[in-house]
Amino acid sequence: MIVVTAPTGLIGSQVLAGLLEGDEPVRVIVRDASRLSAELRDRVEVIEGSHRDAAVVDRAFAGADSVFWLVPADERALSVYQAYVGFSIPAADAIVRHGVKRVVTVSALGRGTQIYAGYASASNAMEDLIASTGVHLRALVMPSFVDNLIWQVGAMKNAGAFFSPIGGDLKLPAVATRDIAAEATRLLLSPTWTGREDVPVLGPEDLSFNDMAAIITDVLGTPIRFQQVPAQQQKDGFLGRGYSEAMAAGMVDMAVAKDNGLDNAVARTRENTTPTTFREWVEDTLKPAFTA
């Protein structure tokens, strides 16, 4: 039995789709079962509720061999550590109680860099919590998701630009969520690995935001530029969207850390390079959103 958390989210939904191509039984934890299609509800066992709830994960992890653990966004949390580590404590207890053998989780690059990175540092601490249970663990450690640019489609349409505190010429890895889901699915359906290991998933190439702007412009046929903004401006934007002070600061701290080399600390190899190019992602995902 494989348990999938956040099955209606961007990554979790793709992991669920991949798992259903295999033969393993799947159980999902979902806050609102009506968000799953009737077809999916017929093919999986559904545990309704939040996976931060001890009673919910206790039910869901009973008899489970493997768990895909994904912490959802909590923009109003009192700290990034509450959002990641505090959220995951009931799961850690249930992993031990039910003898879950393996966990695949989504985390961030940065372990060992000694750079505080807000959300990324908290996700690394979440990994440590889960590993402390003794479960076999694979943490998919990520740079930024290219899919996050969807949040800036409005700015691209209205201002012809997208924005970040990160310098426009800094080349960084970036990954499509489809590739994250593919790696998670592979690990969950090949349950022979043991121990703890971070698995970098870096995308196919390092690009700067200026590089990305040039590709977006070429694919859309519309001039789109990148503009670097002060960190405080980004923080104010998150606060205006309802983020708590701590979580807005956590987003900015992560961006500043990336600007200081956080995502360049892992060397690119054949094994950690994934297939979806930025151009392919723009054509498949950003362009339809932009033209809608």
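The values are calculated or read from the model by the stated rules, or taken from the named source; none is laboratory data. Since we're looking at a predicted model, the values are computed, not measured. A quick note on method: Cβ atoms are made from the backbone with ideal geometry, for glycine too, and the neighbour counts reach across all protein chains shown. The protein model used for the area step is the full one, side chains on, heavy atoms only, and it has no ligands, DNA or RNA in it. Shrake-Rupley method; radii C 1.70, N 1.55, O 1.52, S 1.80 Å.
Tabulated data for the structure shown
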item	result
Pairs where the first residue, in segment 25-51, is crowded, with 16+ Cβ neighbours inside 10 Å and the second is assigned to a strand (DSSP E or B) and hydroxyl-bearing (S, T, Y), C-beta under 9 Å, 6+ apart	V28/T5; I29/T5; V30/T5; H51/T5
Segment 138-162: number of residues that are aliphatic (A, V, I, L, M), open to solvent by less than 40 Å² (accessible area, probe 1.4 Å) and under 22 Å from F209 (Cα atoms)	8
Flag for T222 being within 27 Å of G112 (Cα to Cα) and among the polar types (S, T, N, Q)	no
Output for segment 1-23, where each listed residue is more than 26 Å from F145 (Cβ to Cβ) and open to solvent by 60 Å² or more (accessible area, probe 1.4 Å)	D23
One residue from L16, L40 being of a type in the set (A, V, I, L, M, F, W, C), farther than 18 Å from V71 by Cβ and not in a loop (DSSP other than H, G, I, E, B)	L40
Cβ pairs under 7 Å, 6+ apart, first in segment 157-171 and touching a residue at least 12 places away in the same chain (Cβ under 8 Å), second surrounded by fewer than 18 Cβ atoms within 10 Å (Cβ to Cβ) and of a type in the set (D, E)	P165/D259; I166/D259; G167/D259; L170/D259; K171/D206
Unique match (being buried (at least 18 other Cβ atoms within 10 Å of the Cβ), farther than 18 Å from G154 by Cα and at pLDDT 95 or above) among A255, A213	A255
Lone unmet requirement of (1) under 26 Å from L19 (Cα atoms); (2) among the basic types (K, R); (3) in contact with a helix residue (DSSP H, G or I) (Cβ under 7 Å, 6 or more places away or on another chain) for R111	(1)
Members of segment 102-158 that are within 30 Å of M1 (Cβ to Cβ), among the aliphatic types (A, V, I, L, M) and outside any helix (DSSP H, G or I)	V103, V104, V106, A108, V135, L137, A139, L140, V141, M142
Count - residues of segment 96-120 that are open to solvent by 20 Å² or more (accessible area, probe 1.4 Å) and either in contact (Cβ under 8 Å) with a residue 12 or more places away in the chain or at negative phi (or both)	11
Residue that is in contact (Cβ under 8 Å) with a residue 60 or more places away in the chain and closer than 25 Å to E271 by Cβ, where the choices are L149, L140	L140
Selection from segment 126-137 of residues that are surrounded by fewer than 20 Cβ atoms within 10 Å (Cβ to Cβ) and touching a residue at least 60 places away in the same chain (Cβ under 8 Å)	A131, H136
Enumerated helices (runs of 4 or more DSSP H) restricted to segment 192-292, each holding at least 3 residues that are within 28 Å of A83 (Cβ to Cβ)	231-240, 245-259
Criterion (more than 22 Å from M247 (Cα to Cα), of a type in the set (V, I, T) and touching a strand residue (DSSP E or B) at 6+ places or on another chain (Cβ under 7 Å)) met by exactly one of V106, V100, V96	V100
Filtered residues of segment 67-79 (kept if aliphatic (A, V, I, L, M) and open to solvent by 10 Å² or more (accessible area, probe 1.4 Å))	L70, V71, A73, L78
Segment 59-83 residues that are assigned to a loop (DSSP other than H, G, I, E, B), paired with ones that are hydroxyl-bearing (S, T, Y) (beta carbon under 6 Å, 6 or more apart)	L70/T5; V71/Y84; E75/Y243; R76/S244
Residue within segment 89-96 that is of a type outside the set (V, I, T) and under 15 Å from M251 (Cα atoms) present	no
Pick from segment 130-151, criterion under 14 Å from L70 (Cβ atoms) and among the β-branched types (V, I, T), ranking: nearest to the chain's Cα centre (by Cα)	V141
Segment 194-210: number of residues that are farther than 30 Å from V229 by Cβ and either at pLDDT below 95 or open to solvent by 30 Å² or more (accessible area, probe 1.4 Å) (or both)	5
